[in-house]
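All remarks here apply to the structure that follows.
The values are calculated or read from the model by the stated rules, or taken from the named source; none is laboratory data. None of these values were measured; they are calculated from a predicted model. Every residue, glycine among them, receives a Cβ derived from its backbone with ideal geometry; neighbour counts consider all protein chains shown. The protein model used for the area step is the full one, side chains on, heavy atoms only, and it has no ligands, DNA or RNA in it. Shrake-Rupley method; radii C 1.70, N 1.55, O 1.52, S 1.80 Å.
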Amino acid sequence: MRHRTLAAVAAIAVSGLALAGCSSAESAPADETGDRTITVAYQKTSAFHQLDDLFQKVKPEFEAANPDVTVDLQPIESEDEYFTKLALMNGSADTAPDVIYEDTFQIRSDAAAGYLLPIDDYVAQWEDWGQFYDAAKEAGLGDDGKTYGVSMGTDTRAIYYNKDLFAAAGLPTDWQPTSWDDILDAARALKASNPDVIPLNIYGSKAAVEQTSMQGVEMLLYGTDSTLYNTDSQKWVTDSTGMKDTFGFYQDLYSEGLGTPLDLALDTTIGSRVSTELIPQGKVAMAIDGSWLPGGWIEGQSAWPEWEQTIGLAKMPTQDGGDPGFTSMSGGWTLAVGAQTDYPKTSFDFIAMALNQENSLKYDTENSQIAVRDDVATSDAYLSYNPTFAFFSDLVQYTHFRPATPDYSQISSALQQAVESVITGDATAEEATSAYDEDLTKIVSESNVEQGD
Amino acid sequence: MTTTSSRLPSAPHGAGGRRRTFRAISRSTPLVPALILLAIFLVGPMGFALWGSLTNAALTGYRAAKPQFIGLDNYAALFADADFWNSVVLTLVFVLFSAIIGQNVLGLAIAVLLRASSRIVSTIVSTLVVVAWVLPEIVAAFALYAFFSADGTLNSVLDGLGLGSVSWLIDYPMLSVILANIWRGTAFSMLVYNAALGEVPPEITEAAQIDGTNTVQRFFLVTLPMIRRSIATNLMLTTLQTLGTFGLIWVMTGGGPGTRSSTLPVLAYQEAFRFAQVGYGTAIAAVTIVLGAVFAAIYIKILKPEVES
């Protein structure tokens, strides 16, 4: 009896192992024929549905062109944990997606982690590849110089402001600040004229993740004389005046009650709420945010036709108006092939269809992206779609890119942690700077940092 | 003392001893599958986690592809980190106030009161309390978030009473999560104590009553000592449960604002999955296990004399 139980347990264990062995050994045929399924992992939130729209359109087209293929769309409906969930999916061959919606700043990191497949051979044979701008191609490169992602478009950032609230506060409706002080002065005037509105939303919490680093800290920091990362010496900068001033801006903003109340700012849905709720309802007077916002106002669930009359756009000034006067940050997203895919060619073919001229145009217009394909960027259909395209494209001359080293995502988290301690009043600008420096040094090690000025 | 007690079950040696050994082995054989499962699903992962805490594994980047063995570096960094000690203190505060004091005292009080009240009242109250226990953690957490949030139920009530509203989750994050955990866990203590009180023989309390003790004296001098074992067991269970509480705190405050409600499980999650430092996060989890073991050892010490007597 006992022996039989043991034997049964052993048999189950062995067969389990054998099955596991089979499934991993069963690799795809090189020519990729027969019934096959590719999974596509991407982000979808209440404010960001445009990519889902695109894939819903491409899926039937791709399946019609490739009758053996099933496209399994796997939207990750999370605003703040997209990267974590993706990394965990990539951690196991059973769950790793075939096609991945991948932020340009994660490419080098995820390529180094072995999550992404180099696609140089495929793009080389892709006739559309010549349409992509060189900068967009570079954004898809890994540390090893291989191509890991096809750019979907890029973006810039600026200040959205509510002209009605500005007029009520006696501020000009064609406003253009030339220093941080101009912004703070406007915020004070807005608060005085209407205490119920949030004068300025600038992301500053861990809950807002990368929005805090990019639309928040870096929009300020890159307008100072300091930088996050010294590209010449390839070292990360600690204890810089610019960082202290950046945190100091947050400190001023929150100590005077000019920022977003903490119960909102610390909410993980803050990003969606700003664009779909707070700005349209006139609850935020100024918001430093990305070029994609009007995409959500033009059509979809959060359509807001009045935005063109209500919203003004101002360039983000440098700290004290020093050269070149304005600043912006650029990022952008790509589609990449997962390294554990059994069907690399099919996966790439899907990307090629999703980002052909017609579909790139659809996505870039609807999501207010700055187009990176020449045939899209110069087309009338693109240029006439949205009145803000000219404004945001013009910011490309002032823009900065994040130092996308494999450590960046961790360093970005450290920035978010530091700035949150400032807005909650747990730390001064000085203390937050040293906390950040400590975290940074822990991440990249002592030999990869240098003292800033 | 010990030598006498060990010789007490004076069994014949020799053949009998051998027979006993054989019987012991044959009796424990049915445990083998359970032991194998325990090894695979409990000891295995714990060992793996312990090994993970000795590496610099990350969620992305080079260290995700090739984690290196770094010995005790994670622990050294951890013990030098102010955030970690902050989390240890918060964890102890959380366990002390929500489990040891809150759930146990309140659970015992409700159990005592229910035994004295009518059947209808006791049914209604215990149903209400048990609902909190039956709700899945994530549902309970969202309910409590809605209760404590800035425009939530609690503030509506306070506003209605003209007391003004408070940003509970921002200004009093620890108080909020402690109250939430008490609300959620009290039912379990209540059920345990209800059963324990039912086991106290009525003739003993009656005898004490005849000896002239009042209700309070009877409770502290007779009932409490008699249910001491249940108290120790319940303390152990609620402490370990509370030590591992993650979903409740994560949903309600996300460990914030800042790190003001980052207990050890929250800190471990943040380091491992937000900061992508899996090895470092695992080290925090390992420390949490040790903390749980310390609590368990203390309670077993309390429990022990009762077992031997």
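Give me the distance in nm between label points sitting 7 Å out from Cα along the Cα-to-Cβ direction at residue B:294 and residue B:21, one decimal.
4.1 nm
Can you figure out the FRET efficiency of residue B:112 with residue B:302, using R₀ = 25 Å and their beta-carbon distance, to the nearest 0.05?
On the way: r = 21 Å, r/R0 = 0.83.
With R0 = 25 Å, the Cβ-Cβ based efficiency is 0.75.
Excluding residues fewer than 8 places away in the same chain, name every one of the aspartates and glutamates whose C-alpha is closer than 16 Å to that of residue A:59.
A:35, A:68, A:72, A:98, A:349, A:358
What's the FRET efficiency of residue A:301 with residue B:135 using the Cβ-Cβ distance as r and R₀ = 30 Å, to the nearest 0.05? Could you put the intermediate results ahead of the total?
Details: r = 30 Å, r/R0 = 1.02.
Efficiency for this residue pair is about 0.50.
Please compute the alpha carbon radius of gyration of the protein assembly as shown, then divide it by the globular-protein estimate 2.2 N^0.38 Å. Two decimals is fine.
Details: Rg = 30.9 Å, N = 762, 2.2 N^0.38 = 27.4 Å.
In units of the globular-protein estimate, the protein assembly as shown measures up at 1.13.
Can you return the aspartates and glutamates within cross-link range of residue A:191? Criterion is Cα-Cα under 17 Å, with same-chain partners fewer than 8 residues away left out.
Within the straight-line limit of under 17 Å, residue A:191 reaches these aspartates and glutamates: A:164, A:181, A:182, A:252, A:256.
Mind checking which helices in chain A clear 27 Å along their axis (Cα) and have mean Kyte-Doolittle hydropathy of 0.0 or more, DSSP H runs only? Could the numbers behind the result be given before it?
Values: long enough: A:2-25 (34 Å, 1.05).
Counting only whole DSSP H runs, the qualifying helices are A:2-25.
Note the per residue figure in Å³ for the convex hull of the C-alpha positions in the range B:31-146. Don't jump to the answer; show the numbers that get you there.
Values: hull volume 25.7 nm³, N = 116.
Considering the Cα atoms of the range B:31-146, their hull volume per residue is 221 Å³.
What accessible surface, in Å², does a 1.4 Å probe find on residue A:85, ignoring ligands, DNA and RNA and rounding to the nearest 10?
Roughly 90 Å² of residue A:85 is accessible to a 1.4 Å probe.
Per residue, how large is the accessible surface of chain A? Use a 1.4 angstrom probe and give square angstrom.
Numbers: 17840 Å² over 453 residues.
Averaged over the residues of chain A, the accessible area is 39 Å².
Any idea what the relative contact order of the range A:351-391 is, in percent, if you count C-alpha pairs under 8 Å spaced at least 6 apart?
On the way: 27 pairs, mean separation 12.7, N = 41.
Over the range A:351-391, the number comes to 31 percent.
So what's the back-of-envelope 222 nm ellipticity for the protein assembly as shown, counting only DSSP H runs of four-plus at -39500 (n - 2.57) apiece and dividing by all residues, rounded to 500? Can you show the working numbers first?
On the way: 39 runs with 400 residues, N = 762.
Taking each H run of at least 4 residues, the total per residue is -15500 deg cm²/dmol.
Which of A:163/A:315; A:57/A:315; A:44/A:235 have a Cα-Cα distance over 24 Å?
On the way: A:163/A:315 15 Å; A:57/A:315 35 Å; A:44/A:235 35 Å.
Flagged as over cut-off: A:57/A:315; A:44/A:235.
Using a 1.4 Å probe and ignoring any ligands, DNA or RNA, find the accessible area of residue A:363 and quote it in Å² to the nearest 10.
About 10 Å², ignoring ligands and nucleic acids.
Apply 1/(1 + (r/R0)^6) to the Cβ-Cβ distance of residue A:323 and residue A:383, taking R0 = 25 Å, and write down the FRET efficiency to the nearest 0.05. Before the final figure, lay out each step's value.
Details: r = 29 Å, r/R0 = 1.18.
Taking R0 as 25 Å, the efficiency between residue A:323 and residue A:383 is 0.25.
Given the Cα-Cα distance of residue B:85 and residue B:210 and 0.36 nm per residue of separation, how much length would full extension add, in nm? Show your work: numbers first, answer last.
Numbers: separation 125, 0.36 × 125 = 45.00 nm, distance 5.34 nm.
Length gained, residue B:85 through residue B:210: 39.7 nm.
Using a 1.4 Å probe on the protein chains only, how many percent of the accessible area of chain A belongs to carbon and sulfur? Could the numbers behind the result be given before it?
On the way: 8860 of 17840 Å².
Reported share for carbon and sulfur atoms: 50 percent.
Using only protein heavy atoms and a 1.4 Å probe, report how much of residue B:290 is accessible, in Å² to the nearest 10.
90 Å²
Comparing B:67, B:257, B:45, which has the greatest mean-square fluctuation in the GNM of chain B with Cα pairs linked when under 10 Å apart?
Checking each option, the largest mean-square fluctuation is seen for B:45.
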